1. For residue 373, are the conditions met, namely being modelled with pLDDT of 80 or more and open to solvent by less than 30 Å² (accessible area, probe 1.4 Å)?
2. Determine, yes or no, whether residue 257 is under 27 Å from residue 144 (Cβ atoms), at pLDDT below 90 and either more than 28 Å from the chain's Cα centre (by Cα) or not in a loop (DSSP other than H, G, I, E, B) (or both).
3. Among the candidates 245, 196, 191, which residue alone is surrounded by 19 or more Cβ atoms within 10 Å (Cβ to Cβ) and either over 26 Å from the mean Cα position of the chain (by Cα) or not in a helix (DSSP H, G or I) (or both)?
4. Report, by residue number, each residue of the stretch 280-295 that is surrounded by fewer than 14 Cβ atoms within 10 Å (Cβ to Cβ) and more than 18 Å from residue 330 (Cα to Cα).
5. When you scan the stretch 316-325, how many residues do you find that are small (Gly, Ala, Ser) and outside any loop (DSSP other than H, G, I, E, B)?
6. Go through the stretch 305-336 and count every residue that is under 30 Å from residue 256 (Cα atoms) and touching a residue at least 60 places away in the same chain (Cβ under 8 Å).
7. Name the one entry in 386, 378, 313 that is at pLDDT below 90 and either crowded, with 17+ Cβ neighbours inside 10 Å or in contact with a Phe, Trp or Tyr (Cβ under 6 Å, 6 or more places away or on another chain) (or both).
8. So the check is Cβ under 6 Å with 6+ separation or different chains; which pairs have a first residue in the stretch 1-15 that's part of a loop (DSSP other than H, G, I, E, B) and a second one that's at pLDDT below 70 and open to solvent by 100 Å² or more (accessible area, probe 1.4 Å)?
Amino acid sequence: MTSIDGFLDMEAEVMQKGKRKIETVSCREYYCYQLQIRDDENIILHSGRLIQQYVVDEWIKVETQRLDFSFFNQDLFRMDVLAGLLDLLRRGEREGSQVGKNRILPLSFTGGPRDMRRQYMDAIALVQHFGIPDIFLTMTCNPFWPEIQENLLSTDEAQNRPDLVSRIFRAKLEELKKDILKREIIGKVAVFMYTVEFQKRGLSHAHFLIILDEKYKLQTPEAYDKFVCAELPDPKRNSDLFKLVTRHMLHGPCGQLNPTSPCMKKKNGHCKFKFPKEFAEQTTKRKNSYPIYRRRITGKSVEIRRQLFDNSWVVSYNPYLLGKFNCHINVEIFSDIKVVKYIYKYICKGHDKIAFHIHPNNMNIEVDEIKEYQSSRWVSPPKAAWRIFAFLSVK
């Protein structure tokens, strides 16, 4: 550089380059733009059930791009995963000549089998360092949230707006995380893990496993009662909470009242969640199990779905969280359960899927995880919208 003017000209040129807009967008960014709510009427968002198919189809295109990258870049990550012979045998190989010929999904592929195993191993490592979890919390999306209903047209239904439902649920989830971590409503959190799940026809929900700091751990039944409740509130003293409990926190009916309920086990004909619960005058601890929460015999009941419900049908909840988030939010004290591997495996189980092959015993199997991942999953519209918006499902 020979002059100040030349330096300023070069600096201005560099600044101008930095302001240039990107001329291309990814497939995911394009469909994310198409699903945005704008002042002018977006016909895609008000097409009824067609939007469910649209969201799923476009997300499949987005996933195809990711899978194509994994397919054409097998050499970048094959050696590390297929280094061991036992690992090969477990994945279906019969001969050593097949080493390195499997098509696999890399560790960096979100939602793949290796990513879920890594999440599980990281969670178990946290347990080894910080101890067993103290609280197991489940939050379920409420399609009747005011934020959802206010943005629906008179011809719309919440089930036909997976984009709106996913965005509102994610906003509520972020607010719950702030309450737990920053506002410390349950005490100082040492570490936590959560995952978001999408059922076939059910609502989106998130599972939290929370490990509290040593000074804030719940050790006694009296401490349990300050945080968890499993009774119907008094409708005269707290009518708002009573409405929320009867709307969101009553299980069933099942058992003899409804033998065809989805929660009923076919073998013994009992509810898999063990409802109705036994009455108890006070909360007590049990070895290697959830506590027995206080469910007193008050003689009070409420009629819901043409059935009478008393305290034995109430799902344990936290009054503050239930009142704030207005949705099904189940809270369980977990500190007395010693076997935690199942719980972490449960929330890291990954997608609902099924895949099977019929082949002779003497036939070598070429494992193609990319094809299995692509063809064996059940994808719901809220999940497709969640992934198009690039919301993380596991942390």
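The values are calculated or read from the model by the stated rules, or taken from the named source; none is laboratory data. Everything numeric in this text was worked out from a predicted model, so none of it was measured. Backbone-built Cβ (ideal geometry, glycine too); neighbour counts: all protein chains shown. The area values use the complete protein model at the heavy-atom level, side chains included, leaving out ligands, DNA and RNA. Shrake-Rupley method; radii C 1.70, N 1.55, O 1.52, S 1.80 Å.
1. No: the conditions fail for residue 373.
2. Considered against the rule, which asks whether it is under 27 Å from residue 144 (Cβ atoms), at pLDDT below 90 and either more than 28 Å from the chain's Cα centre (by Cα) or not in a loop (DSSP other than H, G, I, E, B) (or both), residue 257 comes out as yes.
3. Step by step, each of 245, 196, 191 is checked, and only 196 is surrounded by 19 or more Cβ atoms within 10 Å (Cβ to Cβ) and either over 26 Å from the mean Cα position of the chain (by Cα) or not in a helix (DSSP H, G or I) (or both).
4. Correct list: 281, 282, 284, 286, 287, 288.
5. So the count comes out to 1.
6. 20
7. The unique qualifying residue is 386.
8. 1/7
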